[in-house]
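Quick notes on the structure that follows.
The values are calculated or read from the model by the stated rules, or taken from the named source; none is laboratory data. None of these values were measured; they are calculated from a predicted model. Because the Cβ atoms are built from the backbone with ideal geometry, glycine has one as well, and the counts that use them run over all protein chains shown.
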Amino acid sequence: MSGNSNYTNLISSTLDKFMKEKITSSVIGNNALLKALQNKGKIVHENGGKTFIENIAYSSNSTVQWQDPTDLLDTTPQEEFTTAVFSQKFISGTDQISEKELLQNAGESRIFNLLEGKRQVLLDSIKNQLGSALFGDGTASGGKTIGGLQLLIADDPTTGTVGGIDRAGSGNTFWRNQVYDFSTSASGNASATNIQAGMNSLYLSCQVQEGAYPDLILADTNYFSFFENSLQQIQRITNTGEGKLGFEQLAYKSSAVVYDPNCPSNHMYFINTDYVKFQHLNNPLFTKGDTQRPVNQLYFITPIYLYGNLTISSARVHGVAKN
């Protein structure tokens with residue numbers, strides 16, 4: 001039993017170090033959206049609660065008016081805000097190592113190399129799962145995944161429910177994102193010839209709130225290639241680490257344009273990161289559970305998990321270009 005206890009302490013302590021040094025920084029650093037949100041302070045730790053809440057400004061204050069000094073002030077009660085409610089989603093993985101593997105890798109350096117290799121596989125799996133979900137519509141895994149960009153910045157923003165608000169409702173037009181459909185434009189489907197014209201149109205549509213404009217554009221292979229090919233060589237301003245994201249990127253107006261392999265085919269998302277958060281309950285982002293050996297298995301297992309979701313506080317400042 002003492003040997004098992006030593007193994008448990010070793011696995012737990014080295015995993016503590018691995019998580020502190022690698023997991024959160026690597027998961028965020030591997031994803032342009034999460035990195036941009038981190039730079040804006042938009043990866044937010046929430047202290048408890050059963051849901052994530054966003055307060056939504058959906059109308060203006062109608063009491064603002066020009067008047068003579070002797071005119072009565074307008075004191076009509078105002079209801080400018082509503083609330084969007086987002087579910088808390090759960091992603092987990094387990095760090096596993098068998099007693100046989102530990103015995104076969106006796107010696108400190110061998111064990112550390114074994115643990116490092118297994119944890120890199122776990123880390124890559126977490127990055128892949130989360131990276132894919134950030135572009136999803138929240139229906140994968142039986143609806144257990146986070147609500148990603150296909151939900152929040154939808155191809156058809158007149159349907160569906162986001163944060164408990166029905167976008168189809170006639171009074172909920174404030175909760176609809178912008179769309180530019182190349183297939184219905186005069187120039188046809190997207191190409192290197194017309195990509196910038198479509199981007200220009202969508203960029204302007206997203207500026208419905210004064211001073212608000214997209215600062216991050218995420219594109220699939222096709223749209224990123226169209227945009228890159230549309231630029232003259234002297235215009236291809238790239239950034240490979242000294243800028244705000246740390247990804248190789250192109251510049252479009254005030255936005256970084258980044259290729260993401262998880263982006264749906266023939267899509268380009270225009271995102272205003274001032275109105276997006278990744279909210280989470282864990283602090284830090286990922287939590288490590290206790291290392292245990294099941295009574296009926298010769299394995300040491302440590303769970304790693306996250307409660308979180310992607311949320312928005314405005315829909316109309318974001319947009320999607322598509323075919």
Test Asp215 against the criterion of being in contact (Cβ under 8 Å) with a residue 12 or more places away in the chain, farther than 26 Å from Phe90 by Cα and acidic (Asp, Glu), and give yes or no. yes
Within the range 189-212, can you find the residues that are more than 16 Å from His318 (Cβ to Cβ), in a loop (DSSP other than H, G, I, E, B) and small (Gly, Ala, Ser)? Ala190, Ser191, Ala192
Quick check on this structure: which one of Gly169, Gly188, Gly198 is within 19 Å of Ala321 (Cβ to Cβ) and at pLDDT below 95? Gly188
Here the qualifying pairs (Cβ atoms under 6 Å; residues six or more apart or on different chains; first in the range 97-126 and touching a residue at least 40 places away in the same chain (Cβ under 8 Å) and part of a helix (DSSP H, G or I); second charged (D, E, K, R) and surrounded by 11 or more Cβ atoms within 10 Å (Cβ to Cβ)) come out as Leu122/Asp95
Identify all residues within the range 269-313 that are aliphatic (A, V, I, L, M) and surrounded by fewer than 16 Cβ atoms within 10 Å (Cβ to Cβ); write none if there are none. Val295, Leu298
How many residues, within the range 136-166, are part of a loop (DSSP other than H, G, I, E, B) and either modelled with pLDDT under 95 or more than 18 Å from Leu202 (Cβ to Cβ) (or both)? 13
Taking the conditions exactly as written (assigned to a loop (DSSP other than H, G, I, E, B) and touching a residue at least 12 places away in the same chain (Cβ under 8 Å)), does Lys50 satisfy them or not? yes
Does Phe174 count as of a type outside the set (Gly, Ala, Ser) and not in a loop (DSSP other than H, G, I, E, B)? yes
Taking the range 91-133 as the search range and keeping residues that are among the acidic types (Asp, Glu) and closer than 15 Å to Leu10 by Cα, which one is modelled with the highest pLDDT? Asp95
Of everything in the range 1-25 that's surrounded by fewer than 16 Cβ atoms within 10 Å (Cβ to Cβ) and closer than 18 Å to Gln129 by Cα, which residue is modelled with the highest pLDDT? Ser25
Selected residue [acidic (Asp, Glu) and touching a strand residue (DSSP E or B) at 6+ places or on another chain (Cβ under 7 Å)] from Asp260, Asp274: Asp260
Counting only residues that are within 19 Å of Asp274 (Cβ to Cβ) and either at pLDDT 70 or above or more than 30 Å from the chain's Cα centre (by Cα) (or both), the range 54-81 contains a total of 4
Could you list, in sequence order, all residues of the range 210-233 that are farther than 22 Å from Gln38 by Cβ and either of a type in the set (Asp, Glu) or under 16 Å from the mean Cα position of the chain (by Cα) (or both)? Glu210, Asp220, Glu228
Taking only pairs six or more apart or across chains, which ones have beta-carbon atoms under 6 Å, a first residue in the range 157-181 that is on the phi > 0 side of the Ramachandran plot, and a second residue that is modelled with pLDDT of 95 or more and outside any loop (DSSP other than H, G, I, E, B)? Gly163/Ala84; Gly163/Val85; Gly163/Phe86; Gly164/Val85
Criterion first (at positive phi, in contact (Cβ under 8 Å) with a residue 40 or more places away in the chain and not charged (D, E, K, R)) does Asn323 satisfy it? no
